[in-house]
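Rule-based calculations on the coordinates, nothing more; no lab input. The shown structure was predicted, so the numbers you read here are calculated from the model rather than taken from an experiment. Ideal geometry is used to build each Cβ from the backbone, glycine not excepted, and the neighbour counts take in all protein chains shown.
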Amino acid sequence: MDLRIVKTRLQIKNAFLKLRARLMPENIKVKDICEEAQINKTTFYKHYADSMELSNEIDDSVIDSVVSTFPERDKLFESPREYVMGLLDVLECNSELLKSVFRGKRDVLCSKLEEKLHGLFKDKAKTEDDRINISFAVGGFVRIVNDYLFNETQKDIEKIIDYTTKVVERIIRPRSSVAARD
């Protein structure tokens with residue numbers, strides 16, 4: 001990609017994120033972004049259809065970036081505890097970025113994170129039961145993480161890890177216990 005295009009898109013994204021620190025995404029106008037980035041509207045519209053397209057692109061890139069730094073992302077089945085601890089650690093390390101980008105959009109954070117994590121396991125789901133179990137495990141865990149990240153009250157991280165691990169193990173390993181009894 002042309003370096004000028006890369007620089008302009010970065011300038012636009014940085015301007016949006018600066019505005020995002022003060023305003024909700026739906027209140028950010030293209031005019032505001034252009035003023036902050038010191039570009040004209042024509043330049044903006046060469047790259048994005050509107051501010052929501054820009055916002056969605058930033059949301060997706062943040063989620064991709066965070067999940068890509070999660071080394072245990074494929075260990076849900078092999079080691080649920082490592083998976084839970086690793087994801088909590090990655091999200092905690094990126095909590096300020098996530099809180100900033102997804103301020104007022106916790107539901108968007110949850111759905112995008114759930115979609116990304118669920119996508120990592122689609123090849124492991126051999127049956128409809130597997131798909132349901134993975135959806136339930138990932139979805140439930142994402143909701144707990146959401147509460148952990150955004151709820152400012154004191155939390156017992158070990159209790160969250162232990163409980164979540166037990167629940168995930170029950171969900172994703174029901175067949176192993178059945179097989180053990182046979």
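Might you let me know whether the stretch 4-14 holds any residue that is touching a Gly at 6+ places or on another chain (Cβ under 7 Å), of a type outside the set (F, W, Y) and in contact (Cβ under 8 Å) with a residue 12 or more places away in the chain? Scanning the stretch 4-14 turns up no residue that is touching a Gly at 6+ places or on another chain (Cβ under 7 Å), of a type outside the set (F, W, Y) and in contact (Cβ under 8 Å) with a residue 12 or more places away in the chain.
Yes or no, residue by residue, for (1) of a type in the set (F, W, Y); (2) surrounded by 13 or more Cβ atoms within 10 Å (Cβ to Cβ); (3) assigned to a helix (DSSP H, G or I):
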position	(1), (2), (3)
T43	no, yes, yes
I58	no, yes, yes
S61	no, no, yes
E78	no, no, no
L88	no, yes, yes
E92	no, yes, yes
E96	no, no, yes
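Taking first residues from the stretch 32-54 that are within 11 Å of Q11 (Cα to Cα) and partners that are outside any helix (DSSP H, G or I), the Cβ contacts under 7 Å between residues at least 6 apart in sequence or on separate chains come to C34/N40.
Restricting to the stretch 63-76, name every residue that is buried (at least 18 other Cβ atoms within 10 Å of the Cβ) and more than 17 Å from F150 (Cα to Cα).
Taking the stretch 63-76 as the starting set, the residues that turn out to be buried (at least 18 other Cβ atoms within 10 Å of the Cβ) are 63, 66-67, 70, 72, 76.
Selection gives V67, F70, E72, L76.
Only residues that are surrounded by 15 or more Cβ atoms within 10 Å (Cβ to Cβ), of a type in the set (V, I, T) and without any contact (Cβ under 8 Å) to a residue 40 or more places away in the chain were counted across the stretch 113-155, and they come to 2.
When every residue of the stretch 111-123 is checked against the conditions, none turns out to be over 29 Å from L23 (Cβ atoms), small (G, A, S), out of contact with any His (no Cβ under 8 Å at 6 or more places or on another chain) and not in a helix (DSSP H, G or I).
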